[in-house]
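Have a look at the structure below before the remarks.
The values are calculated or read from the model by the stated rules, or taken from the named source; none is laboratory data. Bear in mind the structure is a predicted one, so any value in this text is a computation, not a measurement. Cβ: placed from backbone, ideal geometry, glycine included. Neighbour counts: every protein chain shown. Note: areas computed on protein heavy atoms with side chains; ligands, DNA, RNA excluded. Shrake-Rupley method; radii C 1.70, N 1.55, O 1.52, S 1.80 Å.
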Amino acid sequence: MQVFDNPVGSGSLWFHNLTTADGTPVGYDSQARAFVPMPPFCTNRERIGCNWIAPQEGAFCRSCAMTALAPDPSIQNAVANWAQTEAAKRWALDNLGQWHWFRPEDPGAPPVFHMLAELDKPAPMGHAEGVVTISVAEADPVVRTTRQQRLNEPYRTMIGHMRHEIAHMLWWRLSLRDDFMDAFRAMFGDERDDYADALKRHYKNGPPEDWQQHFLTSYASTHPHEDWAETTAHLLHLTDLTDSFIAAGMSSADLPGTNWGPYTETDSERLIHVAAAVAVGINHTNRSMGLQDLYPFMLAPSTHHKLAFVHDWLRRGAQGR
């Protein structure tokens, strides 16, 4: 994620800023990828702190307009959790927008989001034919940590949920293309295998003993759909991790050059090599503070190939260039 120029003075702005350091209101123009100092701002600005601009006064921004179902505000903490969830959504959408997904030039359908609060039991998360369902309860750090421990998913985050579920939606979009499905099945397997049966086998028997040689996560071994979603989420993690590293002014001998950018890189292997090197460096930094690794995943040769496959399709953009 980039660091942005202040449109009304000196200093920088970060992606979630609503005002400059001196209190001047600003909004993020997701098409220009820049902050502007004037309305119209998103109508959700006061309610959930959305800092994007809108097409007209009283309208939703491009991101908030994708939310067809908001959580019940009468449920405790629902609005606060929803605000954090929408912030994660804006981050994930802006990442994908650098490859022209879900922007005005994208001729295909955008995702539709259902944001659910929880009462007595966990709300489902998933994707079905363009609709992404997210439980906003996991924006609460206590709820999220409890589920991280119960499900043995220490890197369960709201941005991670967004990237994973949007990845399913991206697959659905790509599956409409004549040239995608054969290539997908050759790389990930046949997604027509019964999904419910695959989940039952996974939760009963666990992943294959050698899953790390073929998959990024144990959950990816469940079914080709989940392998695609996990791989796509990780490709987005690695790309944005590297972009944020550069935007923060840090450098590495592994970077190809001073003007190099991960979102403009066309060589998948180069991108993955640089991202993995940056991640390992930050892992070492975290260890010096007694913190867990930022990116503790092993990239086996087969997962390299899958990441490159996803990158090749996503970087073509929504128009399939």
Would you kindly enumerate the cysteines in the chain that have no other Cys beta-carbon under 4.7 Å from their beta-carbon? Cys64
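Which value, in debye to the nearest 20, gives the size of the charge dipole of the chain about its Cα centre, when Lys and Arg are +1 and Asp and Glu are -1 at the Cβ?
340 debye
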P(r) weight above 18 Å for the stretch 199-266, C-alpha pairs, percent: 52 percent
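Would you please calculate the Kirkwood hydrodynamic radius of the stretch 118-247 over all C-alpha pairs and express it in Å, rounded to one decimal?
Working: mean 1/r = 0.0623 Å⁻¹.
Roughly 16.1 Å, rounded to one decimal.
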So what's the net charge close to Ala279: Lys and Arg +1, Asp and Glu -1, counting the other residues with Cβ under 14 Å from its Cβ? -3
Which value in nm describes the separation of the simple spin-label points at Asn205 and Lys121, placed 7 Å from the Cα toward the beta carbon? 2.8 nm
In nanometres, the difference between 0.36 nm per residue of separation and the alpha-carbon distance of Arg270 and Met250 is 5.3 nm
Accessible heavy-atom area order of Ser251, Ser268, highest first, probe of 1.4 Å: Ser251, Ser268
Carbon plus sulfur fraction of accessible area for the stretch 27-185, probe 1.4 Å, in percent: 55 percent
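For Arg185, what charge total do you get from the other residues with a beta carbon under 11 Å from its beta carbon, if Lys and Arg give +1 and Asp and Glu give -1?
-3
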DSSP bridge orientation in the stretch 63-178 - percent antiparallel, rounded to nearest 5: 30 percent
Report, largest value first, the span of the C-alpha coordinates of the stretch 160-307 along each principal axis, in whole Å. 47, 39, 26
Between the stretch 94-130 and the stretch 222-300, how many Å separate their Cα centres? 23 Å
Counting pairwise Cα distances across the chain, what percent come out greater than 26 angstrom? 50 percent
His305-Val280 pseudo-label distance in nm [points 7 Å out on the Cα-to-Cβ vector]: 2.2 nm
Express as a percent, rounded to the nearest 5, the fraction of DSSP beta bridges in the chain (both residues included) that run antiparallel. 55 percent
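Using R₀ = 25 Å, calculate the FRET efficiency as 1/(1 + (r/R₀)^6) where r is the Cβ-Cβ separation of Met181 and Arg156; round to 0.05. Don't skip to the answer; put the middle values down first.
Numbers: r = 30 Å, r/R0 = 1.21.
After rounding to 0.05, the efficiency reads 0.25.
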Restricting the calculation to Cα positions, tell me the Rg (one decimal) and the Dmax (whole number) of the stretch 255-300 in Å. 12.4, 36
Provide the per residue accessible area, probe 1.4 Å, for the stretch 76-185, rounded to a whole number of square angstrom. 44 Å²
Would you kindly calculate the mean projected area, averaged across all directions, of the convex hull enclosing the Cα atoms of the stretch 66-136, in square nanometres? 5.0 nm²
Here the stretch 283-292 yields Karplus 3J(HN,Hα) values (6.51, -1.76, 1.60; θ = phi - 60°; whole Hz; Gly and Pro given as x) of 4, 5, 5, 4, 4, 5, 9, x, 9, 6
Step through the residues of the stretch 256-261 one at a time and calculate ³J(HN,Hα) from phi using the Karplus curve (6.51 cos²θ - 1.76 cosθ + 1.60, θ = phi - 60°), rounding each to whole Hz and writing x for Gly and Pro. x, x, 5, 9, 6, x
According to a simple spin-label model (label point 7 Å from Cα along Cα-to-Cβ), what is the distance in nm between Ala59 and Ala128? 3.1 nm
If you average 1/r over all unlike Cα pairs in the stretch 29-118 and invert the result, what Kirkwood radius do you get in angstrom? 13.7 Å
Keeping all protein chains in position, work out how much accessible area Leu116 exposes to a 1.4 Å probe, and write it in Å² to the nearest 10. 40 Å²
Could you calculate the contour length gain from Val8 to Asp190, that is, 0.36 nm times the residue separation minus the distance between their Cα atoms, to one decimal place in nm? 60.2 nm
Less than 14 Å Cβ to Cβ from Arg201, Lys/Arg counted +1 and Asp/Glu -1: what total charge do the surrounding residues give? -2
For the stretch 218-232, in order, what is each residue's ³J(HN,Hα) by Karplus, 6.51 cos²θ - 1.76 cosθ + 1.60 with θ = phi - 60°, in whole Hz (x at glycine and Pro)? 5, 5, 5, 6, 5, 6, x, 4, 6, 5, 4, 5, 5, 5, 5
